[in-house]
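Written out below as structure tokens is the structure these notes cover.
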Amino acid sequence: MTPGTQEPDHRGNPTGPGVPGTRRRDLHRAALALLGVGTAAVVLNGSAPNRDAVELLGPDLPGLDPTGRRDSAPALQELYDQGARLVSLAPRGTYRLDSPVFLDDDGPFDRFVLQGNGATLRLGDGLAATDAFTADPETRWAFLANSTRASGPRVEVSPATRATGPDVGGTLRFVVRDVVVDGGGRNVGLAFLNRCAARFEGVVMTAARALVSWFDYCDGIVLDQCHARVDTVPDAWLLYQVANGDGIVLVSPKTERGIGAARLQNCKGATIQAPVSGRFSFDRCRAVHVTGGHTEADLSAVTAFAVRASSVTLDTSVLYPSRDADAPTLVVDDDDDGNGSTVVLRQVTEMVLHRDGSSSVRAERQGDVVAAPLVEVRRTQPGTTLSVDGAATQVGTLATGARWLPSAGWRVVSPDPEITTALESDSGSWLRATGRWQLARRDRWRVLPLGGSSAYCPDLQAPEIVDAQGSLDGVRGVLGGQVSYVAALRDAQGGWSGLSEATRADVGGSGSVRVRIRTTAPATLVLWRSRGDGVAARAEGRVSLGVPAGVVTVYDTGQFLGGLPWVAASGDVPETLARRSTTGPLLVLDGATLPLSTPRPDPLAPDLGGSPS
């Protein structure tokens, strides 16, 4: 080796005294001379990463076309190569990107910031695809961060092409703010990373495949108030994870028409704060925390949360049931390839909104329709558990200004008959009504009291039907004429309360009846409906649903009560529907004689214990 020289760097560039820096920071003076003066901002690197920056105020940046007629990618690449590290676009301009931009400085702390100011990046056909995006190697990307540049339609993204070297990753490499990314319906994405971090703030993606994805470990990806619109590209997601990456944060993501917000895979630690709408997929993930959510699954008739072999906590959130009965809001689907999921729902409220029948896309969750389940446990593995700590349901209508009222509890379903038996057993129904329970497999599937909670079931008092009124709140149905209702409660061991007094309602023109019922303890409520009158009335149908203590509101729309189907009732209710029956020794239901307020064995019940001390 010649004295006074140094080994080339990992890309073969010469280093040492008198050799220009590989990051071209010493060219910033030349860049200043090229860029002139004016009003649009560019920041050039100084002598240290993100320090001693020189801010240049200039007119339209050289080569950048805010009209969208020319490809602005070569100009962005040139600015980057000249040392620009903050480029501020013309407010509300449109910039066409029809070739890839490589953020390939070899410094691990190098950072490029694109300040959009409301501008649009229109992605064209000439971007670069990579096999590293294993979900679809034909997807083309506008920015390749921390990958060395290459010509042609395909780019290798691997440790060998990592700008910072095969053994060194980058920190926060790419920051994008306040910009619209328009894919024009093409299979294109904004940024593909090679072991580095990126941050996106106030970015709107429309008609594109993805905002960001990556190769190798990319920790610390952040999306802050990013939004996706126009679902013309299949399998579109704001964040599409195909490689390891942890410490992911999404703040207030929102997507429309069922576009994915985040598809996480093999992620060990993620926080999703205040999601508004969209789909989330968690595949073999751990320590995923969703909090403060307002997940409007009913707007798009989609499953909002798909969980596979993952540990996920939904905390202090509201979930809307889907408008599609075949699309539960949350699905646990542990197939043969994964371990059992651990799902915790803590202080989660189901919001059932009866819409007013307008023709907009937001309508049509009204009328006489079945309610979608809030949760489906589809497939299980050893260790699959569902824990609920604080469950509630509220119902509202647009006609009353979405004034929310307490209602009957969640629908939780499963195609597994053993799980269904556990959920619908006397103890399972009662425990779910308390809002604190766990579905787990011991010797068999059981619904258990949540650890430390009391499973004591007090003697049940007969419920009170506060009122039943037709033609209220704009909820539509198929009922007509006059109907009557009577109710009773069941406890955790199958004992019955007495019957409520019967309450009659004139349906009116809406075809629906609002029924309000008061209970003194959580229980399984059984409500019967009759179209007859007086002591000769016979119940034509019944519905069982879990209710908390207090007054709950449900809507009878004809075939469904609160979205649950009426089941044909056989046999007379004692003393029909005419008056309260709290003192009789027997209650006759469906042709069977059951004890009143006397527990009977439940083979699926856990050891409920006695009265709390």
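Every read-out reported here was derived from the displayed coordinates using simple, explicitly stated rules and does not represent laboratory data. Because the structure is predicted, anything quoted here is derived from the model rather than measured. No Cβ is skipped: glycine too gets one built from the backbone with ideal geometry, and neighbour counts run over all protein chains shown.
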Quickly work out the D416-to-D326 label distance, labels modelled 7 Å from Cα along the C-beta direction, and quote it in nm with one decimal.
2.3
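Report the full-extension gain for the segment A287 to T67: residue separation times 0.36 nm, less the Cα-Cα distance, to one decimal in nm. List each step's numbers first, then the result.
Values: separation 220, 0.36 × 220 = 79.20 nm, distance 4.51 nm.
That works out to 74.7 nm of additional length.
List the trypsin sites (Lys or Arg not before Pro) within region 106-203 that DSSP assigns to loop and that have no more than 16 neighbouring Cβ atoms inside 10 Å. Kindly include the intermediate steps, with their values, before the conclusion.
Details: sites: R111, R122, R140, R149, R154, R162, R173, R177, R186, R195, R199; in loops: R111, R149, R186, R195.
The qualifying sites are R149.
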Roughly how many nanometres apart are two label points built 7 Å out from the Cα toward the Cβ at D315 and V466?
3.3
Highest mean first, what order results for 414-422, 488-496 on Cβ atoms within 10 Å?
488-496, 414-422
What is the calculated FRET efficiency for V478 to R92, with r their C-beta to C-beta distance and R₀ = 51 Å, to the nearest 0.05?
0.50
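Give me the number: length gained by fully extending N244 to D167, i.e. 0.36 nm times residue separation minus the C-alpha to C-alpha distance, one decimal in nm.
Numbers: separation 77, 0.36 × 77 = 27.72 nm, distance 1.58 nm.
Full extension from N244 to D167 adds 26.1 nm.
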Using a simple spin-label model with points 7 Å from Cα along the Cα→Cβ vector, what separation in nm is obtained for R403 and R149?
6.5
Using 0.36 nm per residue, how much length does the chain from A135 to N266 gain when fully extended, once their Cα-Cα distance is taken away?
45.7 nm
